[in-house]
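Here the structure comes first, spelled out in structure tokens, and everything after it is commentary.
The values are calculated or read from the model by the stated rules, or taken from the named source; none is laboratory data. Quantities reported herein were computed from a predicted structural model and do not represent experimental measurements. Here the Cβ positions follow ideal geometry from the backbone for every residue, glycine too, while neighbour counts run over all protein chains shown. The protein model used for the area step is the full one, side chains on, heavy atoms only, and it has no ligands, DNA or RNA in it. Shrake-Rupley method; radii C 1.70, N 1.55, O 1.52, S 1.80 Å.
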Amino acid sequence: PVAEGRSERRPTGRPTPERAARRNAWYRQLHWQIALGIAGGIALGAALGPQARALHPIGDLFLRLLRMVIVPLIFSSLVVGTAGLGDAARVGRLGAKALAYYVATSAAAIAVGLAAVNAARPGAGIHLPLPAPAALPQAPPGLADMLLQIVPENPLAAMAQGDVLPVIFFALLVGLFANRLDRRLREALVGVLQAAFEVTMGITSFVIRLAPAGIFALVAVLVGTTGFEVFRPLLRYVLTVAFALAVHALVTLPVILRFAARLSPYRYGRAVAPALATAFSTASSSATLPVTLECVEKHAGVPNRIGSLVLPLGATINMDGTALYECVAAIFIAQVYGIALTPAQQLAIFLAALLASIGAAGIPMAGLVMMGIVLRAAGLPLEGVGLIVAVDRVLDMCRTAVNVWSDTVGAAVVARWEGELIRPAGGGDR
Ligand code: ASP
């Protein structure tokens, strides 16, 4: 497996048991290195305080390298994947299955959030300075606009700006129409893009090896600059969101993985762990996409035909963690303002949270911006967003990890629905 870094290289001398043991030692495994990076980042950030900002360039370098590969990776992988699928009907069927999974799991996540926030009532009886009606979140675009923006006026501009959905749209069309070329031309085009895809994946593997250092720096800067004080008044709220996210990630999604994809959640989770840790530390599903693709296709063994379509789409529109968060945050705000919500308002929050999660971009704080949709739908004060800004980053990290976890589970489920065999690196699929 590529993400286990150097362990793949063949030793030069004769293999001895000691050498093999050293090669498989825990400290050589990427997920342990990343876990150490997170723990070290927390410790150093707490010790240095705001001075931890000095590590910013390292974290930024890691983020830039990841962003660098997103567009070439999505484009090459989608064209090759779609051209391999054959016809538009098959692509459509695959897309429909993915959408069904996205909506069902996001709705399940919101239901968990709704239950948790109504049971824990984290906003009841707390006294926070209520923010003045200033600094309203930007008005979100309407549905028709959102749909129209999927069609790029200029594909190169969309690529240059890193607009994922328009790039997906264009790549799908290129892949579909490549199928209509005569064999010689099709093979020429797909061959070049296949080579581009392999090269980009190679770069991605290299970037992933830097993940422990990048994640270490990102976490240290965050802990050093935010500190732990801001959490005190909002602790119940933070814990409610975290608990509900944990239920979705550790119960709902594993059950789906086990029964719909017939995979061991533990093994699958291990295979995609680097993607989850990257999501956690970058708070961006889009920036994590290269790692997600690599983990799901190379480690978890989901075929590229499925992963190349389901993962970029999922990184942009499937956000279970965000959906759950929108719902809990809106109801928390209502509780702080002492507004009793009617069942109709709760239903409005449910639906708006679903839409907001679909519309949120895979970038940090997108969910906070989308709170405007949810608060407006339920007739709640928009400035309530000011109550939760201080702790948004940490919750953003947690919800992004859940978003990416759901994307990876979705890829396995859709692959199984398509009758594909999923072969995790290292043996059978149970
Ligand atoms: N940061 C999240 C993501 O990239 C979106 C959000 O803010 O909820 O998946």
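Being touching a helix residue (DSSP H, G or I) at 6+ places or on another chain (Cβ under 8 Å), at positive phi, in contact (Cβ under 8 Å) with a residue 12 or more places away in the chain and surrounded by fewer than 17 Cβ atoms within 10 Å (Cβ to Cβ) holds for only one residue in Gly49, Gly86, and it is Gly49.
Can you tell me which of Leu263, Leu289 is modelled with pLDDT of 90 or more, more than 20 Å from Val69 (Cα to Cα) and of a type outside the set (Gly, Ala, Ser)? Spell out the reasoning first.
On the way: Leu289 fails: more than 20 Å from Val69 (Cα to Cα).
Leu263 is the lone residue from the list that is modelled with pLDDT of 90 or more, more than 20 Å from Val69 (Cα to Cα) and of a type outside the set (Gly, Ala, Ser).
Among the residues of region 157-210, write down those that are open to solvent by less than 20 Å² (accessible area, probe 1.4 Å) and over 22 Å from the mean Cα position of the chain (by Cα). Hits for region 157-210 are Gly175, Ala178.
Taken together, the residues in region 221-250 that are under 24 Å from the mean Cα position of the chain (by Cα) and modelled with pLDDT of 90 or more amount to 14. The helices (runs of 4 or more DSSP H) located wholly in region 304-393 that include 2 or more residues which are touching a residue at least 40 places away in the same chain (Cβ under 8 Å) and among the hydroxyl-bearing types (Ser, Thr, Tyr) occupy 304-317, 320-336.
Might you check whether a residue that is in a helix (DSSP H, G or I), within 16 Å of the ligand (Cβ to nearest atom) and of a type in the set (Val, Ile, Thr) occurs anywhere in region 410-428? Looking through region 410-428, none of the residues is in a helix (DSSP H, G or I), within 16 Å of the ligand (Cβ to nearest atom) and of a type in the set (Val, Ile, Thr).
In region 113-132, how many are open to solvent by 30 Å² or more (accessible area, probe 1.4 Å), assigned to a loop (DSSP other than H, G, I, E, B) and modelled with pLDDT of 85 or more?
Pass one, region 113-132, residues open to solvent by 30 Å² or more (accessible area, probe 1.4 Å): 114-115, 118-121, 124-132.
Subsequent filtering for residues that are assigned to a loop (DSSP other than H, G, I, E, B) retains 121, 124-132.
Restricting the remaining residues to those that are modelled with pLDDT of 85 or more gives 121, 124.
Final tally of qualifying residues: 2.
Of the residues making up region 362-379, those that are near the ligand (Cβ under 7 Å from one of its atoms) and surrounded by fewer than 21 Cβ atoms within 10 Å (Cβ to Cβ) are Ile363, Pro364, Met365.
Restricting the search to helices (runs of 4 or more DSSP H) fully inside region 152-227 and requiring at least 2 residues that are of a type in the set (Lys, Arg) gives 183-209.
Does region 324-342 contain any residue that is buried (at least 24 other Cβ atoms within 10 Å of the Cβ), closer than 26 Å to Tyr266 by Cβ and within 14 Å of the ligand (Cβ to nearest atom)? Yes, there is a match, as at least one residue in region 324-342 is buried (at least 24 other Cβ atoms within 10 Å of the Cβ), closer than 26 Å to Tyr266 by Cβ and within 14 Å of the ligand (Cβ to nearest atom).
Consider region 380-409 and keep the residues that are over 18 Å from Ala360 (Cα atoms) and within 16 Å of the ligand (Cβ to nearest atom). The one that is modelled with the lowest pLDDT is Ala390.
Scoring Ser357 on the criteria (1) farther than 17 Å from Ala111 by Cβ; (2) buried (at least 19 other Cβ atoms within 10 Å of the Cβ); (3) out of contact with any Leu (no Cβ under 7 Å at 6 or more places or on another chain); (4) not aliphatic (A, V, I, L, M) leaves a single failure, condition (1).
Looking at region 231-249, which of its residues are open to solvent by 50 Å² or more (accessible area, probe 1.4 Å) and either on the phi > 0 side of the Ramachandran plot or assigned to a helix (DSSP H, G or I) (or both)?
Leu235, Arg236, Leu239, Phe243
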